[in-house]
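For reference, the structure is listed below as structure tokens.
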Amino acid sequence: MSEDAARISRGFARRPRARLLSGVGGDVASSGAAPWWQSAVVYQIYPRSFRDTDGDGVGDLEGVRRGLDHLVWLGVDALWLSPFYPSPMRDFGYDVTDYCAVDPRFGTLAGFDRLLADAHARGLRVVLDWVPNHTSDQHPWFVESRASRASPRRDWYVWRDSAPGRGGALRRPPNNWRAALGGGPAWTWDETTGQWYLHLFLAAQPDLDWTNPAVVQAMHDTLRFWLDRGVDGFRMDVVHCIGKDPALPDLPPGLASIPVAAQHDDPRTLALLRGLRAVLEGYPGERVMIGEVVLFSTAQVARYYGHGDGLHLAFNFLPLYAPWEEGAWRARIAEVEATLGAQGAWPTWVLSNHDNARHRTRYGSEMRARAAAVLLLTLRGTPFLYAGEELGLEDAQVPSTHGLDPGGRDGSRAPIPWESGPGHGWGHASPWLPWPPDADNRCITAMRADAGSILHLYRRLLRARRGSPALGLGSFTALAAPPGVLAFRRELADDARLVLINFAAREIACPVTGAWSVEVASDGRGEGHSYRGTLGAEQAVVLR
């Protein structure tokens, strides 16, 4: 992944650019009746880490409910909840034992209904994480499946005999696939029934067999359970993996060492996505399908949108591996605009999540994190914020000897500090993970009291985005700019914005044509005044 980011940085030559920004946009986008998820900003909540209300050190749904006013004050439009289903927590909720219930650690189904109702009353949409590729090995379906080869649910999962032995081997996995979160074979031998079962992730996460119509129906029913309660859509975990060639062929030798989930791209998935889309479209309103498609090719990801019958949105992960360099970002944006734009697909943008180091940690300074906030919230597409980004949080320091996550992702999942002082608004129990650095000063109450904080920057950006048709749904035009500066224009009808981002650690002269004022600045300087043609070191501005 880091090699891919380096390839992007090296592979696109720097184009000659004039010193003067033209300020002339491209084709004006049509406002039409855009669905809510195109102009929305989605806020990801990892429930274990958001807010604890019962003093056990683990965040819960009631904590999310009590935090809704913060989301409204901030100005986001929707929240995405990472899994809260019953689970042994081998992969912290992505190993599900019941898709239609709430784990007691997080609360109750009635508590979820209160949360959903209160969110809707505040104008917030609610999107749930849904895990279609695999269940827990403790799910009743799998317990029954592995009981015997004659089990009625045997073919709900992917079982295979050993491959022909080599060199005297009696048991050989059916193919050469490698699992994620450990890197061993994607197969585990079951002594009871004398076969292997497939798991693209942990051995505790057996893969469902989506070639079985009974599995498809059962999983559709789990969606209906939550749609009937009124949820607004789903973020679908590694959804690109659900379609598989029943022959399960070996990977070429050069790819066999890479976890198969990061390269799996089977055309059978598209038909399955159409079936999922049909379930959502059977409900009133605009229910959204957001796919986690962990493929590091924009062209491959674009296919999962289908022809208006696949995913509504697919995550664009390559920016998570792009260095904080103007050339790398210019190339990344150009590729997304060209590839998705040609298909009429709507982009997504994300800088941090529960699987990756926070961008404040990756970029190395708050100045860069502030400029990145301007970039994220002004690009054409749907931005996703990860809880704590608005506080400029860094990853917690979790010693490897105390790590909990099998993938080493504990640092980005540290608890959100709400208050200064012991407990940080979580009660008296020690939280399930250490606090992030400087939690006393980077808590919500302290940052709300400081008008110059990064929290208030996010609020100003979200207010500007909400008040500008151009930033919400407008066209995107890349502009020529001095080296080290990324510049673009957003435009819709008679509304326009210029965005200038200085990636350099020095002041850069960057004049523009016409009279523009500074609506938002990453460091607050010059807001409400005429733009004077110079960007401060690592400063980003939105001009109107």
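Listing for the model above:
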{"item": "Sole residue being out of contact with any His (no Cβ under 9 Å at 6 or more places or on another chain), touching a residue at least 12 places away in the same chain (Cβ under 8 Å), more than 28 Å from Ala449 (Cα to Cα) and of a type outside the set (Val, Ile, Thr), chosen from Ser82, Ser39", "result": "Ser39"}
{"item": "Qualifying position, being of a type in the set (Asp, Glu) and part of a strand (DSSP E or B), among Glu519, Glu538", "result": "Glu519"}
{"item": "Residue check for Leu479: closer than 23 Å to Ile501 by Cβ and either charged (D, E, K, R) or under 23 Å from the mean Cα position of the chain (by Cα) (or both)", "result": "no"}
{"item": "Sole residue being touching a Cys at 6+ places or on another chain (Cβ under 6 Å) and touching a residue at least 60 places away in the same chain (Cβ under 8 Å), chosen from Val485, Val541", "result": "Val485"}
{"item": "Any hit, the stretch 187-202, residues being in contact with a Cys (Cβ under 8 Å, 6 or more places away or on another chain), within 16 Å of Val96 (Cβ to Cβ) and crowded, with 16+ Cβ neighbours inside 10 Å", "result": "yes"}
{"item": "The one condition in (1) outside the structural domain of Trp324 (by TED's automatic domain parsing); (2) surrounded by 14 or more Cβ atoms within 10 Å (Cβ to Cβ) that Tyr458 fails to fulfil", "result": "(1)"}
{"item": "First in the stretch 347-364 and outside the structural domain of Tyr386 (by TED's automatic domain parsing) and free of Cβ contacts under 8 Å to residues at least 12 places away in the same chain, second anywhere and assigned to a strand (DSSP E or B) and not acidic (Asp, Glu), Cβ under 8 Å, 6 or more apart", "result": "none"}
{"item": "Any chance Leu461 is hydrophobic (A, V, I, L, M, F, W, C), assigned to a strand (DSSP E or B) and closer than 24 Å to Arg332 by Cα", "result": "no"}
{"item": "Test result for Asp266, in contact with an Asp or Glu (Cβ under 7 Å, 6 or more places away or on another chain), surrounded by fewer than 17 Cβ atoms within 10 Å (Cβ to Cβ) and either more than 28 Å from Met89 (Cβ to Cβ) or outside the structural domain of Asn356 (by TED's automatic domain parsing) (or both)", "result": "yes"}
{"item": "Test result for Ala504, surrounded by fewer than 23 Cβ atoms within 10 Å (Cβ to Cβ) and either outside any strand (DSSP E or B) or not assigned by TED's automatic domain parsing to the domain that holds Gly341 (or both)", "result": "yes"}
{"item": "Residue within the stretch 74-85 that is modelled with pLDDT of 95 or more, more than 22 Å from the chain's Cα centre (by Cα) and surrounded by fewer than 21 Cβ atoms within 10 Å (Cβ to Cβ) present", "result": "no"}
{"item": "Selection within the stretch 347-366 - in contact with a strand residue (DSSP E or B) (Cβ under 6 Å, 6 or more places away or on another chain) and not hydroxyl-bearing (Ser, Thr, Tyr)", "result": "Trp349, Val350, Asn353"}
{"item": "Residue within the stretch 188-198 that is under 19 Å from Gln263 (Cα atoms) and under 24 Å from the mean Cα position of the chain (by Cα) present", "result": "no"}
{"item": "Residue check for Thr97: among the polar types (S, T, N, Q) and within 19 Å of Asp228 (Cβ to Cβ)", "result": "no"}
{"item": "Residue check for Leu404: within 22 Å of the chain's Cα centre (by Cα) and closer than 15 Å to Phe50 by Cα", "result": "no"}
{"item": "Set Phe84, Phe112, Phe92: member being farther than 19 Å from Ile290 by Cβ and in a loop (DSSP other than H, G, I, E, B)", "result": "Phe92"}
{"item": "Cross-chain or 6+ apart pairs with Cβ under 7 Å, the stretch 508-522 first and in the same structural domain as Phe488 (by TED's automatic domain parsing), then polar (S, T, N, Q)", "result": "Ile508/Asn502; Ala509/Thr534; Cys510/Thr534; Thr513/Ser22; Ala515/Ser530; Ser517/Ser530; Ala521/Gln539; Ser522/Gln539"}
{"item": "All positions within the stretch 127-173 that are under 30 Å from Trp36 (Cα atoms) and among the aliphatic types (A, V, I, L, M)", "result": "Val127, Leu128, Val131"}
{"item": "Scan of the stretch 166-207 for residues that are outside any loop (DSSP other than H, G, I, E, B) and either touching an Asp or Glu at 6+ places or on another chain (Cβ under 6 Å) or not basic (Lys, Arg) (or both), ordered by number", "result": "Pro185, Trp187, Thr188, Trp189, Asp190, Gln195, Trp196, Tyr197, Leu198, Asp207"}
{"item": "Failed item in (1) more than 24 Å from the chain's Cα centre (by Cα); (2) buried (at least 16 other Cβ atoms within 10 Å of the Cβ), with Pro140 passing the rest", "result": "(2)"}
{"item": "Among the candidates Val260, Val336, residue that is crowded, with 20+ Cβ neighbours inside 10 Å, β-branched (Val, Ile, Thr) and closer than 30 Å to Arg506 by Cα", "result": "Val336"}
{"item": "Hits in the stretch 142-165 (condition: in a strand (DSSP E or B) and of a type in the set (Ser, Thr, Tyr))", "result": "Tyr157"}
{"item": "Options Ala537, Ala429, Ala449; residue that is modelled with pLDDT under 95, within 30 Å of the chain's Cα centre (by Cα) and surrounded by fewer than 17 Cβ atoms within 10 Å (Cβ to Cβ)", "result": "Ala429"}
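The values are calculated or read from the model by the stated rules, or taken from the named source; none is laboratory data. In this text, all values refer to a predicted model and were calculated from it rather than measured experimentally. Counting neighbours? That spans all protein chains shown, and the Cβs are built from the backbone with ideal geometry, glycine included.
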